[in-house]
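One structure is given below, encoded as structure tokens.
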2 protein chains.
Amino acid sequence: MRVYLAGPEVFLPDALEIAAAKKRVCAAHGLEGVFPLDAPPPLPPAERPYWMRIYLANEAHIRSCGALIANLTPFRGPSADAGTVFELGFMRALGRPVLGYSNTAADFLDRTRAFLGADARPRPDGGWEDGEGMGLEDFGLADNLMIDGAIAAAGGVLERHAAEADRWRDLAAFARCVARLPAGGRG
Amino acid sequence: MRVYLAGPEVFLPDALEIAAAKKRVCAAHGLEGVFPLDAPPPLPPAERPYWMRIYLANEAHIRSCGALIANLTPFRGPSADAGTVFELGFMRALGRPVLGYSNTAADFLDRTRAFLGADARPRPDGGWEDGEGMGLEDFGLADNLMIDGAIAAAGGVLERHAAEADRWRDLAAFARCVARLPAGGRG
């Protein structure tokens, strides 16, 4: 089975090394990891803008995979990377298994409060809101409830691992996700 | 046609008033707006946790709609609200029209640079990276390329409107999205 490896590692200078490491974890379990930067079959039309070809390639990759593992480690804000979250929603709608991991142990509420700083304020009736009166989710989840909910609805797991110091490269929680997928043949 | 109204307005204290205003814009075009807080048919199982019932309700809402309009105004960081982005990916995978709007005129790159502040630094070969060496997208888009790409792939529009001061309630860009959908009967 092919497994789509969604995550913001694509933005790292050593993205291809991380891709190779993730693929090795998959291969040891008899699975084929598919990284967003892999060459897609078929190649998107050359006349489309570069960014659109990346989009079309990633959509084709996802459609070609039987499962998705998302790196949901918070990225430039309290939530996961937007591209990764998009891809999680896409695969969930296809009805295939979705799993996720986060190398941050803190709950979404605590992260959002830390992000907002002095703008976070308690509501008279309990709960928290931001400086514009917009509520903070307080469900003890890893991220926005659509993310945790999708993984739960798909029967997946959301592995949380306190590895902030090496959060873009630590693969312990990723490996736990891989182990939850049915093992494939060893080729 | 039913149209799912994705966006972080659900977190506002006057969410239901905004929902009503958006539904009026839809109704004037012969469409039925469906807000995430609307009662879903069928109701999710009462024994599931509250947050899971919200997830299941929103998924059922999206499946029941023929199109989705996402409020992609940046939310607690440079990108759109994670739940909204998830729903955009979900609907795109169903193959139905997706449209979006943002009440911020600045490009994604400029917003990300402003978010990072002194942590944003130019790369020797051009482009920008953050304090961890992770690249910044620089395609002149409204958000992460998966968001702009999905809307383009679906033949939708991403309306951008400089309305920062009233960005959670200004419906001009939303109305432009509604106008791009086929008009329905007036009941």
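The values are calculated or read from the model by the stated rules, or taken from the named source; none is laboratory data. Keep in mind that what you see is a predicted model, and the values were worked out from it rather than measured. Every residue, glycine among them, receives a Cβ derived from its backbone with ideal geometry; neighbour counts consider all protein chains shown. Calculation scope for accessible area: heavy atoms of the full protein, side chains included, ligands and nucleic acids excluded. Shrake-Rupley method; radii C 1.70, N 1.55, O 1.52, S 1.80 Å.
Listed values, structure above:
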quantity: Residues being free of Cβ contacts under 8 Å to residues at least 24 places away in the same chain and either among the hydroxyl-bearing types (Ser, Thr, Tyr) or touching a Gly at 6+ places or on another chain (Cβ under 7 Å) (or both) - total across the range A:1-35; calculated: 3
quantity: Test set (1) open to solvent by 20 Å² or more (accessible area, probe 1.4 Å); (2) part of a helix (DSSP H, G or I) - B:ALA39 fails condition number; calculated: (2)
quantity: Residue check for A:LEU88: open to solvent by less than 10 Å² (accessible area, probe 1.4 Å), more than 22 Å from B:ALA80 (Cβ to Cβ) and either touching a residue at least 60 places away in the same chain (Cβ under 8 Å) or of a type in the set (A, V, I, L, M, F, W, C) (or both); calculated: no
quantity: The range B:55-85, residues that are of a type in the set (A, V, I, L, M, F, W, C) and touching a residue at least 40 places away in the same chain (Cβ under 8 Å); calculated: B:ILE62, B:CYS65, B:ALA67, B:LEU68, B:ILE69, B:ALA70, B:LEU72, B:PHE75, B:ALA80, B:VAL85
quantity: Filtered residue count, the range A:146-160, keeping only those that are open to solvent by less than 10 Å² (accessible area, probe 1.4 Å) and free of Cβ contacts under 8 Å to residues at least 12 places away in the same chain; calculated: 1
quantity: Per-region count, the range A:1-24, residues open to solvent by 10 Å² or more (accessible area, probe 1.4 Å) and closer than 23 Å to A:ARG92 by Cα; calculated: 4
quantity: Test set (1) facing another protein chain (nearest Cβ under 9 Å); (2) open to solvent by 10 Å² or more (accessible area, probe 1.4 Å); (3) of a type in the set (A, V, I, L, M); (4) farther than 30 Å from B:ARG63 by Cβ - B:LEU94 fails condition number; calculated: (4)
quantity: Residues within the range A:126-138 that are within 9 Å of chain B (Cβ to nearest Cβ), touching a residue at least 12 places away in the same chain (Cβ under 8 Å) and not small (Gly, Ala, Ser), tallied; calculated: 3
quantity: Sole exception among (1) open to solvent by 10 Å² or more (accessible area, probe 1.4 Å); (2) within 27 Å of A:LEU145 (Cα to Cα); (3) touching a helix residue (DSSP H, G or I) at 6+ places or on another chain (Cβ under 6 Å); (4) hydrophobic (A, V, I, L, M, F, W, C) for B:PHE108, by number; calculated: (3)
quantity: Subset tally (residues that are within 11 Å of chain B (Cβ to nearest Cβ) and either among the charged types (D, E, K, R) or out of contact with any strand residue (DSSP E or B) (no Cβ under 6 Å at 6 or more places or on another chain) (or both)) for the range A:151-165; calculated: 2
quantity: Pick from the range B:163-187, criterion of a type in the set (D, E, K, R) and modelled with pLDDT of 95 or more, ranking: most open to solvent (accessible area, probe 1.4 Å); calculated: B:ARG180
quantity: Some residue of the range B:30-49 being out of contact with any strand residue (DSSP E or B) (no Cβ under 8 Å at 6 or more places or on another chain) and within 15 Å of B:VAL178 (Cβ to Cβ); calculated: yes
quantity: Qualifying residue in the range A:111-125 (condition: at positive phi and within 8 Å of chain B (Cβ to nearest Cβ)); calculated: no
quantity: Residues (open to solvent by less than 40 Å² (accessible area, probe 1.4 Å) and touching a helix residue (DSSP H, G or I) at 6+ places or on another chain (Cβ under 8 Å)) located in the range A:130-145; calculated: A:ASP130, A:MET134, A:GLY135, A:LEU136, A:GLU137, A:LEU141, A:ALA142, A:ASP143, A:ASN144, A:LEU145
quantity: Matching residues, the range B:80-91, being in contact with an Asp or Glu (Cβ under 8 Å, 6 or more places away or on another chain) and either more than 7 Å from chain A (Cβ to nearest Cβ) or more than 16 Å from B:GLU9 (Cβ to Cβ) (or both); calculated: B:GLY89, B:PHE90
quantity: Any helices (runs of 4 or more DSSP H) falling wholly within the range A:49-162 and containing at least 1 residues that are modelled with pLDDT of 95 or more and under 12 Å from the mean Cα position of the chain (by Cα); calculated: A:82-94, A:145-153
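Okay, residues lined up against (1) away from chain B (no Cβ under 14 Å); (2) under 16 Å from A:VAL10 (Cβ atoms):
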site	(1), (2)
A:ARG24	yes, no
A:LEU31	yes, no
A:PRO36	no, yes
A:PRO40	no, yes
A:PRO44	no, no
A:TYR50	no, yes
A:TYR55	no, yes
A:ARG63	no, no
A:ILE69	yes, yes
